[in-house]
Amino acid sequence: VSGRKGRKHGKEVCDLLIMNIRQLLTIPSTEGPLSNPDRKSLGIVENGFVGIIKEVGEGKPLMRARRSVDAKNNIVLPGFIDAHTHMIFAGSREREFSMRVGGRDYLEIMKEGGGIQSTVQSTRKASREELFTESYRRLNDILSWGTTTCEVKSGYGLTTSDEIKMLDVARKLGNEHPVDVIPTFLGAHDVPVEYRNEKEDYIDLLTNEMIPRVSEGNYARFCDVFCEEGVFNKEETERILSAGNAHGLKAKIHVDEFVNIGGCELAESVHAVSCDHLLKTDEKGIESMKSAGTIAVLLPGSNLFLMEEEKPPIQMMRKKGLPIAIASDFNPGSSPILSMPVIISLSCLLYGLTPEEAIVGATVNAAYALEEEGRIGSIEKGKKADIVVMRYSNYEEIPYWFAQKRVECIIKGGEIVVGKGGRLN
Ligand SMILES: [Zn+2]
């Protein structure tokens with residue numbers, strides 16, 4: 001859907017042709033992020049083909065292809081975009097999982113030195129090479145489920161050098177792995193233990209040293225804050241994100257996960273690209289996001305693993321026309337899930353999203369949540385060819401066949417990376 005074109009023997013030539021597609025989801029996106037998407041929003045082409053580099057259409061292709069992929073009468077859709085992950089970390093936290101299923105809650109576990117701080121300790125100890133090797137393997141898994149772009153946050157270093165170490169690993173992953181990595185600086189994930197009684201000093205470190213360094217080194221696209229009771233309050237969040245904005249880092253907020261402290265109301269003043277979690281969000285927060293053009297990113301994986309029964313106010317989001325994306329929140333504590341098809345199922349089962357809302361949330365709207373809508377998220381002329389063939393005959397099967405890996409083929413930037421002839425086989 002981008003790249004070279006050529007002519008040969010009087011016929012159009014494309015680099016790669018995907019044929020025998022039962023149902024092609026193009027999910028056109030030029031009008032902006034989609035609110036209240038329905039079947040029509042998916043831009044379905046029955047019995048279609050995709051010519052990479054040239055065009056999308058119905059019937060028999062008129063072009064000659066240098067190479068072709070037989071979709072074998074399956075569905076074809078844009079590669080999934082995971083707009084919220086913490087996939088670089090060392091250590092794991094299965095002990096906490098056991099505590100939690102035994103009845104202890106997240107904030108309680110955090111107070112006992114579990115939670116984020118335990119991952120901070122092990123990530124600080126890990127070398128760049130160790131972090132890279134582990135994360136590269138995780139990216140292979142992420143890709144194998146059909147995700148072709150992945151946002152990756154720092155936030156387990158919480159010192160200038162350890163945060164840079166994580167972002168350096170993110171950059172190297174993006175350079176060496178087929179999955180595109182979009183880096184986010186999350187130095188405000190928590191207040192590190194050594195600053196527990198000097199939170200102001202840590203905020204100074206964030207705004208005066210870390211953010212400028214991250215920006216100068218071009219290490220991240222976004223700046224994110226965990227705006228929550230007992231972590232960073234509304235005013236502190238605004239200060240940190242404004243400093244990020246001043247250094248060219250766009251704002252994202254972890255907000256309204258446990259307690260609503262009004263963080264969503266910052267969407268306008270900090271120009272938040274996305275607000276994520278949103279379990280406790282109220283009408284005022286939704287209105288603020290709507291008028292700021294912010295994408296709501298929902299993370300049902302952490303709901304499941306924290307065994308929270310709360311859900312985001314989906315009905316009100318629909319009523320106000322707020323565009324919704326979904327993401328894995330992949331992290332070792334509250335969401336060890338890296339599969340976007342699983343997240344699609346969970347957002348339907350736990351939050352009541354329709355399959356159409358969930359698929360749009362994992363593609364086009366997720367692209368908007370990363371400001372990547374001009375490049376990815378749909379199968380359209382001019383976009384990068386990130387495309388997945390799944391062994392289904394219609395898209396409603398994606399959430400339905402829970403946790404079944406049905407990826408037949410993945411094309412990343414016009415190259416087959418998984419499937420017959422793929423480089424990762
Ligand atoms: Zn998160």
Of the residues in region 301-313, those that are more than 19 Å from the chain's Cα centre (by Cα) and not charged (D, E, K, R) come to LEU306, MET307, PRO313
Does at least one position in region 215-235 carry a residue that is among the β-branched types (Val, Ile, Thr), within 16 Å of the ligand (Cβ to nearest atom) and farther than 30 Å from TRP145 by Cβ? yes
Residues that are part of a loop (DSSP other than H, G, I, E, B) and over 19 Å from ALA327 (Cα atoms), drawn from region 369-395: GLY374, ILE379, GLU380, LYS381, GLY382, LYS383, LYS384, ALA385, ARG391, TYR392, SER393, ASN394
Which of the following residues is acidic (Asp, Glu), within 30 Å of ILE387 (Cβ to Cβ), within 16 Å of the ligand (Cβ to nearest atom) and touching a residue at least 40 places away in the same chain (Cβ under 8 Å): GLU151, GLU163, GLU176? GLU151
Is there a residue in region 320-328 that is within 12 Å of the ligand (Cβ to nearest atom) and within 18 Å of the chain's Cα centre (by Cα)? yes
Are any of the residues in region 125-134 away from the ligand (no atom under 16 Å from the Cβ), at pLDDT 95 or above, among the small types (Gly, Ala, Ser) and out of contact with any helix residue (DSSP H, G or I) (no Cβ under 9 Å at 6 or more places or on another chain)? no
Going through region 396-423 one residue at a time, which ones are touching a Lys or Arg at 6+ places or on another chain (Cβ under 7 Å), closer than 25 Å to CYS348 by Cβ and outside any strand (DSSP E or B)? ARG406
Residues located in region 203-236, provided they are closer than 17 Å to MET166 by Cβ, surrounded by fewer than 22 Cβ atoms within 10 Å (Cβ to Cβ) and either without any contact (Cβ under 8 Å) to a residue 12 or more places away in the chain or of a type in the set (D, E, K, R) (or both): GLU209, ARG213, GLU216, ASN218, ARG221
Which pairs have Cβ atoms under 8 Å, sit 6 or more apart or on different chains, and link a residue in region 261-280 that is closer than 14 Å to THR237 by Cα to one that is in a strand (DSSP E or B) and more than 16 Å from the ligand (Cβ to nearest atom)? HIS271/LYS250
Inside region 281-316, can you point out the residues that are closer than 17 Å to HIS84 by Cβ, in contact with a helix residue (DSSP H, G or I) (Cβ under 7 Å, 6 or more places away or on another chain) and touching a residue at least 60 places away in the same chain (Cβ under 8 Å)? ILE295, VAL297, LEU298, LEU306
Of the residues in region 145-204, those that are in contact with a strand residue (DSSP E or B) (Cβ under 6 Å, 6 or more places away or on another chain) and within 19 Å of GLU228 (Cβ to Cβ) number 8
Residue that is surrounded by the most Cβ atoms within 10 Å (Cβ to Cβ) [pool: residues in region 271-300 that are part of a loop (DSSP other than H, G, I, E, B) and more than 14 Å from the ligand (Cβ to nearest atom)]: THR294
Could you say whether any residue in region 246-253 is within 16 Å of the ligand (Cβ to nearest atom), farther than 22 Å from GLU108 by Cα, charged (D, E, K, R) and in contact (Cβ under 8 Å) with a residue 60 or more places away in the chain? yes
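The values are calculated or read from the model by the stated rules, or taken from the named source; none is laboratory data. Quantities reported herein were computed from a predicted structural model and do not represent experimental measurements. Please note: Cβ atoms are built from the backbone with ideal geometry, for glycine as well, and neighbour counts cover all protein chains shown.
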